[in-house]
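Some notes on the structure that comes next.
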Amino acid sequence: MADASPVAAGSGDHDDPAPLIDEQAALWAARITSSSRRSDPVASARLRAEVLTDLPAIDAAARAWTRLGADLPPTDVRVIGRLAWVRANLAGMRGAFEPLADRLSGQRRIASRVLGAQVGALLGLLSGKVLGQYVLPLGTGGGGELVVVGPNVLELGEEDAQLAVDVRRTVLLHEVTHRLQFDGAPWLAGHLRSILDRYLEHARLDPAALLESAPRLPEAIAQVKASGTIQPLVDIVLSPEQVDVLAEAQGLMSLLEGHGNAVMFDAGGDLVSDPDAVREALAARRGDVTSKILTAVAGLETKRRQYREGEAFVREVLDLGGVEALNRAFEQPENLPHGDEVDDAAAWLARLDPA
């Protein structure tokens with residue numbers, strides 16, 4: 001018998017305020033939608049050792065290529081499983097949704113369970129796709145944590161054993177670059193949090209709608225697991241205004257992901273023997289059915305576009321002005337490329353240095 005839904009547990013709110021994301025409900029949903037395949041513990045331990053061995057050289061290569069973070073301490077990394085990745089992201093969200101509290105009135109507890117189940121279902125699906133991440137504490141501020149999702153890296157290596165080392169190092173290059181972006185430009189995380197705040201201003205949190213949707217969540221999540229589509233959740237996750245905010249964020253995310261892509265394919269030197277083969281392997285992974293479903297959701301929609309168009313933007317800037325010109329984007333929020341400038345690097349450079 002399946003576990004009882006924590007969304008249905010309890011019948012009312014109490015005096016103590018519930019968190020905006022009920023992590024128990026989120027983990028319940030994530031366990032349903034995440035992959036149940038277990039990794040070989042010996043292979044997992046070997047991967048951890050290899051990642052820790054690789055990291056100093058990867059860190060140095062990323063700093064040399066990007067010219068960011070010269071004064072930062074050495075990068076740390078944690079190799080974790082899929083549910084641990086879900087937990088890390090839930091921890092990063094703590095406090096981030098508090099601006100919604102006043103809109104929940106007396107239904108905060110049930111709303112937190114509904115939101116927890118929604119977020120957990122999405123994280124559970126993503127937990128089988130993400131290879132690495134620099135997890136930012138969006139609600140509390142401070143520095144982030146670099147993690148590698150061991151089971152996913154191992155599975156990708158299993159598909160082509162000769163590429164396993166290159167895949168591991170390429171993933172590390174990409175995620176170390178994100179660490180250098182955010183820790184090397186401390187204002188960047190706060191800017192991203194401001195985008196999140198605007199996103200939350202338009203969240204669908206009508207208490208009556210949440211109460212109506214709560215009994216349907218277990219069935220909807222079961223449909224997600226059975227069909228591989230998260231459409232049953234989409235209508236109660238995003239509003240049209242939120243989609244607009246995400247479109248405004250396109251320039252920032254394209255810069256970050258395109259920059260990470262350029263580094264991971266160009267900075268490897270002797271560390272990555274066949275970057276072209278790794279590019280093909282990662283492209284195939286992003287093109288499978290689950291990834292296509294995930295990118296159809298507005299909240300996650302532009303990931304592949306960010307990689308592709310963002311990398312093209314970065315390379316055009318490098319051709320026109322070099323790394324020094326590119327790094328001007330990390331000096332202040334006003335220097336970030338607008339969404340339309342991602343397709344026209346020359347226009348972005350001209351805005352920063354008008355004739």
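The values are calculated or read from the model by the stated rules, or taken from the named source; none is laboratory data. Bear in mind the structure is a predicted one, so any value in this text is a computation, not a measurement. Note: ideal-geometry Cβ built from the backbone for every residue, glycine included; neighbour counts use all protein chains shown.
Count, please, the residues in the stretch 64-90 that happen to be out of contact with any strand residue (DSSP E or B) (no Cβ under 9 Å at 6 or more places or on another chain) and more than 15 Å from residue 178 (Cβ to Cβ). It would help to see each step written out before you state the result.
So the first thing to find is which residues in the stretch 64-90 are out of contact with any strand residue (DSSP E or B) (no Cβ under 9 Å at 6 or more places or on another chain), and the list is 64-74, 83, 86, 90.
Next, from what is left, pick out any that are more than 15 Å from residue 178 (Cβ to Cβ): 64, 67, 70-71, 73-74, 83, 86, 90.
The number of residues fulfilling the criteria is 9.
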Inset, instruction - Output yes when any residue across the stretch 157-177 is modelled with pLDDT under 85 and within 21 Å of residue 260 (Cα to Cα), and no when none is. - result: yes
Inset, instruction - For the stretch 15-29, state whether one or more residues are under 16 Å from residue 80 (Cβ atoms), at pLDDT 90 or above and not hydroxyl-bearing (Ser, Thr, Tyr). - result: yes
Inset, instruction - Could you list, in sequence order, all residues of the stretch 66-88 that are over 11 Å from residue 146 (Cβ atoms) and surrounded by 20 or more Cβ atoms within 10 Å (Cβ to Cβ)? - result: 66, 68, 69, 82, 85, 86
Legend entry - residue 157 being under 25 Å from residue 83 (Cβ atoms) and part of a loop (DSSP other than H, G, I, E, B): no
Inset, instruction - Would you mind stating whether residue 83 is within 23 Å of the chain's Cα centre (by Cα), closer than 30 Å to residue 222 by Cα and either modelled with pLDDT of 90 or more or of a type in the set (Asp, Glu) (or both)? - result: yes
Legend entry - Residue tally, condition aliphatic (A, V, I, L, M) and within 28 Å of residue 329 (Cβ to Cβ), over the stretch 42-70: 9
